[in-house]
Amino acid sequence: MITTELLFTRHGQAQCNVDGLVGGPRTCIGLTEPGRRQATLTVRRIAAEHAEAPITTIYAGTRLRLQQTGEIYAAALNLPLIVEPGLDGPIHGDADGRPWHEVKTAFGGGPHAHPDRPWAIESDTWNGYLRRAGVFLTSLIERHDGERVLFAAHGETVLAAHTLLLGLPPGTEAGFTVDHGSLTRWQLHLNRLGRRRWMLDRHNDTAHLAAL
């Protein structure tokens, strides 16, 4: 029996993604028009399930691209949107607004390349972000035990959820692709012996975006 379900969607394409910029709070100016279409198609798919297995809560982080994605979801499902700072992704510090290729060249790769070092002045470390996000997601899961929760999230939030629920150790070399508008679903199963276990039902599912 499935008791709790977490539906993580990556926000639609944002202008900072198109421009190749580090999209921190100073830089993010929201979704592109294709990004809005991605969010609309994503929630259309979720709405088809909502009639049979209702979503109870919708969350988004504070960056504009997340809020705009969440607002599209909330309007379609007729539910309030909760904007939660704990879902706002890594702190980029002085990298905010700079081209990602410059940041990665200077750092010797993406944030995960040296997971215990900040990738810019006053930025997170990758492992530090995963720990912080994991603590917050744990509290959120406890708060919504037995519910069906939808997230308009960063790709990094999806990675943090995988790290938490798969029990991955710090500095794991493996990664996961997370496309704009994709759906990732975690389910908490309760078996006949009373044991509970998280199961990854799907990851980076983009079938609903085929029309694009």
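Return the residues of segment 42-66 that are farther than 11 Å from residue 11 by Cβ and open to solvent by 30 Å² or more (accessible area, probe 1.4 Å); say none if nothing qualifies. Don't jump to the end; show me each part of the working.
Initial filter on segment 42-66 (farther than 11 Å from residue 11 by Cβ): 43-59, 62.
44, 45, 47, 48, 49, 50, 51, 52, 53, 54, 56, 62, listed by residue number.
When you go through 134, 89, 128 one by one, which is the residue that is of a type outside the set (A, V, I, L, M, F, W, C) and outside any helix (DSSP H, G or I)?
The conditions single out 89.
Of the residues examined, residue 159 is one that is over 18 Å from residue 16 (Cα atoms), open to solvent by 20 Å² or more (accessible area, probe 1.4 Å), modelled with pLDDT of 95 or more and assigned to a helix (DSSP H, G or I).
Within segment 1-23, the set of residues being under 16 Å from residue 63 (Cβ atoms), open to solvent by less than 30 Å² (accessible area, probe 1.4 Å) and either among the aliphatic types (A, V, I, L, M) or modelled with pLDDT under 95 (or both) comprises 14, 22. Residues in segment 40-72 that are of a type in the set (A, V, I, L, M), in a helix (DSSP H, G or I) and touching a strand residue (DSSP E or B) at 6+ places or on another chain (Cβ under 7 Å): 46, 66. Pairing each residue of segment 199-212 that is on the phi > 0 side of the Ramachandran plot with any residue that is surrounded by 13 or more Cβ atoms within 10 Å (Cβ to Cβ) and assigned to a strand (DSSP E or B), provided the two are 6+ apart or on different chains, yields C-beta distances under 7 Å for 204/184. For segment 165-179, the condition holds for at least one residue, the condition being that it is acidic (Asp, Glu), modelled with pLDDT under 95 and open to solvent by 20 Å² or more (accessible area, probe 1.4 Å).
The requirement of being surrounded by fewer than 19 Cβ atoms within 10 Å (Cβ to Cβ), of a type outside the set (S, T, N, Q), modelled with pLDDT of 95 or more and not in a helix (DSSP H, G or I) is satisfied by residue 122. How many residues does segment 112-153 hold that are touching a His at 6+ places or on another chain (Cβ under 7 Å) and more than 21 Å from residue 178 (Cβ to Cβ)? The total comes to 1.
The values are calculated or read from the model by the stated rules, or taken from the named source; none is laboratory data. Everything quoted here is computed from the prediction, not taken from an experiment. Using ideal geometry, Cβ is built from the backbone for each residue, glycine included, and neighbour counts are taken over all protein chains shown. Heads up: the accessible areas ignore ligands, DNA and RNA and are worked out on the full protein's heavy atoms, side chains in. Shrake-Rupley method; radii C 1.70, N 1.55, O 1.52, S 1.80 Å.
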